[in-house]
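To start, the structure itself, in structure tokens.
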Amino acid sequence: MSQSVCIISTRTPYCGQFAREALDAVLVCASYDIPAAFLLMGDGVFQLLKGQDSEHIPRKNLSAMLQALPLYGIETIHVDETSLFERGLAASQLCQPVTVLSQGELPTFLRQHSRVLNF
Amino acid sequence: MKFALAVYGAPANSQAPQSALHFARALVTGGHEIVRLFFYQDGVNTATAIAQPPQDESDLPAQWQAFIQEHQLDAVVCIAAALRRGVVDRAEARRYRLPGSNLRDGYELSGLGQLVEGALLADRIITFGS
């Protein structure tokens, strides 16, 4: 199997630096030309919620940074369907189109990658 | 087997550095190779030289340093995460005109690329404290 990395991000967007530092790992893969996928699970699904205004926290808007991922060759963000459902969210409430993975699709998806980095 | 370990939690608020040290010792005992240790997120605090836990508690930063030096391991601390949290070596202290440096000997500040590279070099990447 050729090398590829899946980065799983599981924290809310503004809980310390967790989400930002997981995103940095994705960007580093891209800058090293290592094929990478970005999967939001658990509270990580909140990172793409529409209408984020982080100006008064004050923090950089994480969803805006996620929308720049195609510039780094990450064409789609993967989102765990169960995590959305458990939080009462629908993909339509997210700020960009995503690839939703069902519980049954997750193991197959993870097996496509030679390494998984969990944040 | 070749292992890379990633540590994301700090000694004072996470079990991650302790669990990782136990695991690393078991790897060495079992004849495995540790190709990289990578300290990221709050895990960078494991590498500070100026934490002083009470004498009746385990001194994880000291234990980690002794383990790294004894086995001459490649121990990398993420430079961006470390600068954010006040863990700096002499070069960074000079660069940013900080009043002191506190990175323990045996560690190296470097980029996040070392985590990804370590993960690809190793047969297994094991994460502590995600």
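The values are calculated or read from the model by the stated rules, or taken from the named source; none is laboratory data. From a predicted model like this one, the values you see are computed outputs, not experimental measurements. Virtual Cβ from ideal backbone geometry, glycine too; neighbours counted across all protein chains shown. Note: accessible area is taken over every heavy atom of the protein model, side chains too, but ligands, DNA and RNA are not part of it. Shrake-Rupley method; radii C 1.70, N 1.55, O 1.52, S 1.80 Å.
Of note:
- Look at (1) open to solvent by 50 Å² or more (accessible area, probe 1.4 Å); (2) part of a helix (DSSP H, G or I) and you find that B:Gln18 fails only one, number (1).
- Among (1) at pLDDT 95 or above; (2) surrounded by fewer than 15 Cβ atoms within 10 Å (Cβ to Cβ); (3) closer than 28 Å to B:Arg124 by Cβ; (4) not acidic (Asp, Glu), the one test that B:Ile50 misses: (3)
- Taking region A:32-46 as the range and being farther than 17 Å from A:Gln67 by Cα and either open to solvent by 30 Å² or more (accessible area, probe 1.4 Å) or in contact with a Phe, Trp or Tyr (Cβ under 8 Å, 6 or more places away or on another chain) (or both) as the test, the residues that pass are A:Tyr32, A:Asp33, A:Pro35, A:Met41, A:Asp43.
- Total residues in region A:79-112 satisfying the condition of being open to solvent by less than 30 Å² (accessible area, probe 1.4 Å) and closer than 24 Å to B:Ala122 by Cβ: the figure is 2.
- The residue list B:Leu121, B:Leu98, B:Leu83, B:Leu112 contains one member that is under 24 Å from A:Ser114 (Cα atoms), in contact with a helix residue (DSSP H, G or I) (Cβ under 9 Å, 6 or more places away or on another chain) and at pLDDT 95 or above, which is B:Leu112.
- Only one entry of B:Pro54, B:Pro11 meets the criterion of being over 10 Å from the mean Cα position of the chain (by Cα), free of Cβ contacts under 8 Å to residues at least 24 places away in the same chain and assigned to a loop (DSSP other than H, G, I, E, B), and that entry is B:Pro54.
- Test: residue in region A:47-69 that is surrounded by 15 or more Cβ atoms within 10 Å (Cβ to Cβ), modelled with pLDDT of 95 or more and touching a Phe, Trp or Tyr at 6+ places or on another chain (Cβ under 6 Å): no
- Residue under evaluation B:Tyr107, criteria (1) buried (at least 21 other Cβ atoms within 10 Å of the Cβ); (2) more than 9 Å from chain A (Cβ to nearest Cβ); (3) out of contact with any helix residue (DSSP H, G or I) (no Cβ under 6 Å at 6 or more places or on another chain), criterion not met: (3)
- Candidates in region A:12-27 are the residues that are assigned to a loop (DSSP other than H, G, I, E, B) and touching a Ser or Thr at 6+ places or on another chain (Cβ under 9 Å); of these, the one that is least open to solvent (accessible area, probe 1.4 Å) is A:Pro13.
- Condition check for A:Ile8: open to solvent by less than 60 Å² (accessible area, probe 1.4 Å), within 11 Å of chain B (Cβ to nearest Cβ), part of a loop (DSSP other than H, G, I, E, B) and of a type in the set (A, V, I, L, M, F, W, C): no
- Pairs where the first residue, in region A:103-119, is away from every other protein chain (no Cβ under 14 Å) and the second is assigned to a strand (DSSP E or B), C-beta under 7 Å, 6+ apart: A:Leu106/A:Asp80; A:Phe109/A:His78; A:Phe109/A:Leu101
- Taken over region B:59-103, the residue count meeting the criterion of being outside any helix (DSSP H, G or I) and either within 22 Å of B:Glu117 (Cβ to Cβ) or open to solvent by 30 Å² or more (accessible area, probe 1.4 Å) (or both) is 18.
- Any chance A:Arg115 is charged (D, E, K, R), open to solvent by 10 Å² or more (accessible area, probe 1.4 Å) and out of contact with any strand residue (DSSP E or B) (no Cβ under 6 Å at 6 or more places or on another chain): no
- Of all residues in region A:36-55, exactly one satisfies the criterion of being within 11 Å of another protein chain (Cβ to nearest Cβ) and farther than 18 Å from A:Phe85 by Cα, namely A:Ala36.
- Among the helices (runs of 4 or more DSSP H) confined to region A:28-119, the ones with at least 2 residues that are more than 15 Å from A:Tyr14 (Cβ to Cβ) are located at A:81-86, A:106-111.
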